[in-house]
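Undergrad: Please find one structure pasted underneath; my questions will follow.
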Amino acid sequence: MATSSTRGKAHRLLDPQRGGRVGRAIDLAIMTLILLSIVAIVLRTVDPVAARYGAVFTQFERVTVAMFTLEYLGRLWSITTAEKYRHPVTGRLKYAATPYMLIDLLAILPFYLGGVVDLRFIRVLRLLRIFRVMKVARYSNALRTIGTVLRKKRPDLVITVVVTSMLLVLTSSAMYYVEHAAQPEAFSSIPATFWWGFVTLTTVGYGDVFPITPLGQVLAGFSAFLGVGLFALPASILASGFIEEASEPNDEEWDYCPHCGEPLQNDRSH
C-alpha cells in the first residue's frame with residue numbers, strides 16, 4: 001500500500017496538468033533544463049566556444065541526461081497507477097510507445113549509444129539530441145493546444161495536402177511541356193520541374209529556375225496566384241480549430257486521492 005501511494009504521488013507530480021504547486025515547480029525546472037540543454041547543443045557547434053568550454057558542456061550534458069533519465073524512468077514506474085496502463089508489463093510497454101515517451105527516449109538515447117556505435121553513426125545521434133526541444137510540448141499548455149488542434153483538424157489538413165500535391169503535379173507537368181524545348185537544362189523532366197512548382201506555389205520564388213517563353217510566364221503567374229490562395233486554406237483551418245478549442249468548456253475538474261494519487265472527479269468519492 002505504501003508503494004502504491006508513493007507511485008501515485010510520483011505520477012501526480014510528473015503530470016504537467018495535475019501536479020499541484022510542487023508539480024508545477026518540477027515542470028518549470030525540467031523545462032528550464034530542456035531549454036538550457038538546447039542552448040548548450042547549439043553553442044557547442046561554435047568552434048571557439050566549444051574549444052574553451054568543451055569540458056563544461058560535457059559535464060552539463062551528463063547532468064541533463066541523468067535528470068531526463070530519472071524523469072523517464074519515474075514516468076514508467078508510476079504510470080501503472082493510471083487505469084489505462086494498469087498492467088505492470090504491457091501497461092508500461094504501451095505507455096513507452098506513446099509519442100511523448102518516444103520523444104523522451106530519443107532525447108536521452110544518443111548519450112548512451114554514443115560510445116558503443118560506429119563513429120559514422122555519431123552525427124545521426126547528435127542530430128537526435130535536438131529532439132529535446134520537443135519535450136517542451138509536454139510542459140506547455142499552448143503547445144499541447146496546437147497538438148490537439150492538429151489532431152482534430154487532421155482530415156481537413158490531409159485534404160489540403162492532397163490538393164496541393166495535385167496542383168504541384170499539374171503545374172509542374174504543364175510547365176515542363178511549355179518550357180522544355182526552350183530550356184532543356186532547367187526543365188529537363190517533370191520531376192526536375194517539381195522544384196520550380198514548389199517554390200512557385202509556396203510563393204518563395206528563389207529565381208534559380210524561371211520560364212522565358214510568354215506562355216510559360218503566363219502559366220507561372222497563374223500558378224503563383226493559385227499558391228497564394230492554396231496556402232491560405234490550412235491557415236484558415238487551423239484558425240478555426242483554435243477558435244473551437246478556445247470556446248470549448250472544460251467540464252472535467254479533477255481531484256486526487258491523497259492515498260494512492262488516482263485522479264477522481266469531484267462528484268466521486270474514494
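Undergrad: Restricting to the stretch 29-52, give me the number of residues that are out of contact with any helix residue (DSSP H, G or I) (no Cβ under 8 Å at 6 or more places or on another chain) and either part of a loop (DSSP other than H, G, I, E, B) or of a type outside the set (S, T, N, Q) (or both).
TA: Taking the stretch 29-52 and keeping what is out of contact with any helix residue (DSSP H, G or I) (no Cβ under 8 Å at 6 or more places or on another chain), we get 29, 32, 39, 42, 45-48, 51-52.
Retained after the next criterion (residues that are either part of a loop (DSSP other than H, G, I, E, B) or of a type outside the set (S, T, N, Q) (or both)): 29, 39, 42, 45-48, 51-52.
Final tally of qualifying residues: 9.
Undergrad: Would you check which residues across the stretch 78-89 are surrounded by fewer than 17 Cβ atoms within 10 Å (Cβ to Cβ) and closer than 16 Å to residue 13 by Cβ and list them?
TA: Listed by number, the list holds a single entry, 82.
Undergrad: Could you check the stretch 132-205 for helices (runs of 4 or more DSSP H) lying wholly inside it with 2 or more residues that are farther than 30 Å from residue 66 by Cα and either among the aliphatic types (A, V, I, L, M) or modelled with pLDDT under 90 (or both)?
TA: Numbers: elements: 136-139, 141-152, 154-179, 190-201.
Once the helices (runs of 4 or more DSSP H) in the stretch 132-205 are filtered for at least 2 residues that are farther than 30 Å from residue 66 by Cα and either among the aliphatic types (A, V, I, L, M) or modelled with pLDDT under 90 (or both), what remains is 141-152, 154-179, 190-201.
Undergrad: When you check residue 58 against the structure, is it β-branched (Val, Ile, Thr) and closer than 24 Å to residue 6 by Cβ, yes or no? Quick ask: steps written out before the conclusion?
TA: Values: β-branched (Val, Ile, Thr): yes; closer than 24 Å to residue 6 by Cβ: no.
So residue 58 does not fit the description; no.
Undergrad: Can you pull out every residue in the stretch 64-109 that is of a type in the set (D, E, K, R) and farther than 28 Å from residue 41 by Cβ?
TA: Quick first cut of the stretch 64-109, residues of a type in the set (D, E, K, R) only: 71, 75, 83-84, 86, 92, 94, 104.
Across the stretch 64-109, the qualifying residues are 83, 84, 86, 92, 94.
Undergrad: Give the residue that is surrounded by the most Cβ atoms within 10 Å (Cβ to Cβ), with candidates limited to residues of the stretch 182-204 that are within 19 Å of residue 232 (Cα to Cα) and not β-branched (Val, Ile, Thr). Please lay out each step first, then the result.
TA: So the first thing to find is which residues in the stretch 182-204 are within 19 Å of residue 232 (Cα to Cα), and the list is 197-204.
Add one more test, that the residue is not β-branched (Val, Ile, Thr), and what stays is 197-198, 201.
Details: 197: 24, 198: 16, 201: 20.
Per the criteria, the residue is 197.
Undergrad: Quick one: which of 202, 171, 193 is within 24 Å of the chain's Cα centre (by Cα) and not assigned by TED's automatic domain parsing to the domain that holds residue 105? Step through it out loud before you land on a result.
TA: Values: 171 fails: within 24 Å of the chain's Cα centre (by Cα); 193 fails: within 24 Å of the chain's Cα centre (by Cα).
Result: 202 is the single residue among 202, 171, 193 that is within 24 Å of the chain's Cα centre (by Cα) and not assigned by TED's automatic domain parsing to the domain that holds residue 105.
Undergrad: Listed residues 72, 100; which is modelled with pLDDT under 90 and either among the aromatic types (Phe, Trp, Tyr) or within 15 Å of residue 135 (Cβ to Cβ) (or both)?
TA: Working: 72 fails: modelled with pLDDT under 90.
None of the others qualify; the one that does is 100.
Undergrad: Does the stretch 45-52 contain any residue that is at pLDDT 90 or above and polar (S, T, N, Q)?
TA: no
Undergrad: Of all the residues that make up the stretch 205-236, how many are of a type in the set (A, V, I, L, M, F, W, C), surrounded by 13 or more Cβ atoms within 10 Å (Cβ to Cβ) and within 26 Å of the chain's Cα centre (by Cα)?
TA: Count: 3.
The values are calculated or read from the model by the stated rules, or taken from the named source; none is laboratory data. Being a predicted model, the structure only gives us computed values, none of them experimental. Positions of Cβ are backbone-derived with ideal geometry, glycine not excepted, and every protein chain shown enters the neighbour counts.
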